[in-house]
Amino acid sequence: MSARTCRYSIGYRKTVSYPLPGPPPNPADAIDGALERLDGLENVPLDEHVARFDAVHSTLTDALSSIDKV
């Protein structure tokens, strides 16, 4: 779920997502934020690197795929 999406639970199991009104998010902000998460990686235990890389990859994938929708 992106920052521009709101989830609303309807009933017991159904969840609906809908876009929030307003200007679309700037993909460059998401990209910059994702890359900042790699700062100081040398001070993070090695076994946590994979999770950090996966989170950054997911954020970059979402940000880059949203560029086509602009």
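Structural remarks
- Residue in the range 18-25 that is at pLDDT 85 or above and either assigned to a loop (DSSP other than H, G, I, E, B) or out of contact with any Cys (no Cβ under 9 Å at 6 or more places or on another chain) (or both) present: no
Matching residues to (1) part of a loop (DSSP other than H, G, I, E, B); (2) open to solvent by 100 Å² or more (accessible area, probe 1.4 Å); (3) in contact with a strand residue (DSSP E or B) (Cβ under 7 Å, 6 or more places away or on another chain); (4) modelled with pLDDT of 85 or more:
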{"site": "Cys6", "(1), (2), (3), (4)": "no, no, yes, no"}
{"site": "Leu35", "(1), (2), (3), (4)": "no, no, no, yes"}
{"site": "Asp39", "(1), (2), (3), (4)": "yes, yes, no, yes"}
{"site": "Arg52", "(1), (2), (3), (4)": "no, no, no, yes"}
{"site": "Ser58", "(1), (2), (3), (4)": "no, no, no, yes"}
{"site": "Ser66", "(1), (2), (3), (4)": "no, no, no, no"}
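The values are calculated or read from the model by the stated rules, or taken from the named source; none is laboratory data. Remember, it's a predicted structure, so these values are computed and weren't measured experimentally. Neighbour counts are summed over all protein chains in view; Cβ atoms, including those assigned to glycine, are modelled from backbone coordinates with ideal geometry. Remember, those area values only see protein heavy atoms, side chains included, never the ligands or the DNA or RNA. Shrake-Rupley method; radii C 1.70, N 1.55, O 1.52, S 1.80 Å.
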